[in-house]
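The values are calculated or read from the model by the stated rules, or taken from the named source; none is laboratory data. Treat the numbers as computed from the prediction; the structure is a model and nothing was measured. Cβ: placed from backbone, ideal geometry, glycine included. Neighbour counts: every protein chain shown.
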Amino acid sequence: MQVMDTTDSPLEILYQDGPCLVINKPAGLLTQAPSGIDSLEVRIKVFTKQQEQKTGNVYLGLPHRLDRPASGAIVFARHVRAARRLSKQFADRSVSKIYWALVEGDVQPDAGTWTDYLHKRHGMAEAIVVSEHDPRGKQAVLHYRVMGRTADASWLEIELETGRTHQIRVQAASRGHPILGDGQYGSSRLFGQPHDDYRLRAIALHARQLGFSHPMTRRAVEVVAPVSDAWLSAGIAELVSGCKGP
């Protein structure tokens, strides 16, 4: 379902049931931001006020976040109890998170597990790989399989076991396979629509699937987020054609 917010940008709702709301976040948009700065949180609150004809404040809990240049499924909670229960699922690692990534180079072998120790640099939105003996490091584990390849890129499906800052981006780049468009971690290629403002640029990282237990009914919820047209651009269309939607 697509609705329009006040900025005339599409807000794509993937799932809505009681206090749970799952949105397909577009690339280049902040999940949350200080007052006066555009964000997905702000757009959802505006939409909610319009939909429900509310004039007061709208509560919106954020159990997790997606990096600004990434896209895909992200869940929000409409009241405090739901937010706490969803947050606990993320803390307990009972939420399933599957990502798609297009990375530079030929990833070998066809499937595997990457384990590293990551340190988020103080005061910076950036992480680095450190030694397992470094007290600053936190273990980062992901499992991947190669879905397809072109002459110079690999399409990966990734299941996160942990959720560290920029985890997929750092782990892929540290192995010589930066995500397409991710200049922060060494990519030499653009992805999606070009922007003079680098903060609006997309990277080929997409939260494809999100699974969790409904915080009130306990029913299992599994949501699949379609990819944007950027994934079907020249050079990679043969990889993802037929997989744009659910």
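Ser188 passes all but one of (1) part of a loop (DSSP other than H, G, I, E, B); (2) modelled with pLDDT of 95 or more; (3) more than 16 Å from the chain's Cα centre (by Cα); which number fails?
With (1) part of a loop (DSSP other than H, G, I, E, B); (2) modelled with pLDDT of 95 or more; (3) more than 16 Å from the chain's Cα centre (by Cα) applied to Ser188, the lone miss is (2).
Which residues, counting only those in the range 203-229, are in a loop (DSSP other than H, G, I, E, B) and at pLDDT below 95? Outline the logic, then answer.
First, pick out the residues of the range 203-229 that are in a loop (DSSP other than H, G, I, E, B): 203-204, 214-219, 225-228.
Across the range 203-229, the qualifying residues are Pro226, Val227, Ser228.
Name the residues in the range 179-211 that are surrounded by fewer than 15 Cβ atoms within 10 Å (Cβ to Cβ), touching a residue at least 24 places away in the same chain (Cβ under 8 Å) and over 30 Å from Ser87 (Cα atoms), would you?
Of everything in the range 179-211, those that are surrounded by fewer than 15 Cβ atoms within 10 Å (Cβ to Cβ), touching a residue at least 24 places away in the same chain (Cβ under 8 Å) and over 30 Å from Ser87 (Cα atoms) turn out to be Ser188, Gln193, His195.
Restricting the search to the range 140-178, which residues are under 17 Å from His119 (Cα atoms), buried (at least 16 other Cβ atoms within 10 Å of the Cβ) and modelled with pLDDT of 95 or more?
Ala140, Leu142, His166, Gln167, Ile168, Arg169, Val170, Gln171, Ala172, Ala173, Ser174
Pick from the range 52-64 the residues that are free of Cβ contacts under 8 Å to residues at least 40 places away in the same chain, buried (at least 16 other Cβ atoms within 10 Å of the Cβ) and not hydrophobic (A, V, I, L, M, F, W, C): which of them is farthest from Gly181 (Cα to Cα)?
To start, the set of residues in the range 52-64 that are free of Cβ contacts under 8 Å to residues at least 40 places away in the same chain comprises 52-63.
Narrowing the set further to residues that are buried (at least 16 other Cβ atoms within 10 Å of the Cβ) leaves 60-63.
Cutting the leftovers down to not hydrophobic (A, V, I, L, M, F, W, C) gives us 61, 63.
Numbers: Gly61: 30, Pro63: 27 Å.
Looking at the filtered set, the residue picked out is Gly61.
Can you tell me which residue within the range 52-89, out of those that are out of contact with any Leu (no Cβ under 7 Å at 6 or more places or on another chain) and of a type in the set (Lys, Arg), is farthest from Gln184 (Cα to Cα)?
Among those that are out of contact with any Leu (no Cβ under 7 Å at 6 or more places or on another chain) and of a type in the set (Lys, Arg), it is Lys54.
Please count how many residues of the range 116-131 are touching an Asp or Glu at 6+ places or on another chain (Cβ under 9 Å) and at pLDDT 95 or above. It would help to see each step written out before you state the result.
Looking only at the range 116-131, we keep the residues that are touching an Asp or Glu at 6+ places or on another chain (Cβ under 9 Å), and these are 116-117, 119-120, 125, 129-130.
Filter once more, keeping what is at pLDDT 95 or above: 116-117, 119, 129-130.
Matching residues across the range 116-131 total 5.
Residues of the range 1-20 being modelled with pLDDT under 50 and assigned to a strand (DSSP E or B), which ones?
Residues of the range 1-20 modelled with pLDDT under 50: 1-8.
Across the range 1-20, the qualifying residues are Gln2, Val3, Met4.
List every residue pair whose Cβ atoms lie under 9 Å apart, where the two residues are 6 or more positions apart in sequence or sit on different chains, the first residue falls within the range 107-118 and is free of Cβ contacts under 8 Å to residues at least 24 places away in the same chain and over 23 Å from Ala151 (Cα atoms), and the second residue, located anywhere, is of a type in the set (Gly, Ala, Ser) and assigned to a strand (DSSP E or B).
These pairs meet every condition: Tyr117/Ala140.
How many residues does the range 143-158 hold that are acidic (Asp, Glu) and not in a loop (DSSP other than H, G, I, E, B)? Working first, answer last.
Looking only at the range 143-158, we keep the residues that are acidic (Asp, Glu), and these are 152, 157.
Those still in the list that are not in a loop (DSSP other than H, G, I, E, B) too: 157.
Qualifying residue count for the region: 1.
Report the residue count in the range 62-85 for those that are over 13 Å from Gly18 (Cα atoms) and under 17 Å from the mean Cα position of the chain (by Cα).
The first filter runs over the range 62-85 and keeps only residues over 13 Å from Gly18 (Cα atoms), leaving 62-74, 84-85.
Right, trim to under 17 Å from the mean Cα position of the chain (by Cα) and you get 62-74.
Number satisfying all stated conditions: 13.
Would it be correct to say that Arg169 is more than 17 Å from the chain's Cα centre (by Cα), of a type in the set (D, E, K, R) and not in a loop (DSSP other than H, G, I, E, B)?
On the way: more than 17 Å from the chain's Cα centre (by Cα): no; of a type in the set (D, E, K, R): yes; not in a loop (DSSP other than H, G, I, E, B): yes.
So Arg169 fails the test.
Given the conditions (1) free of Cβ contacts under 8 Å to residues at least 60 places away in the same chain; (2) out of contact with any Gly (no Cβ under 9 Å at 6 or more places or on another chain); (3) at positive phi, report the number of the one that His166 does not fulfil.
Going through (1) free of Cβ contacts under 8 Å to residues at least 60 places away in the same chain; (2) out of contact with any Gly (no Cβ under 9 Å at 6 or more places or on another chain); (3) at positive phi one by one, His166 breaks only (1).
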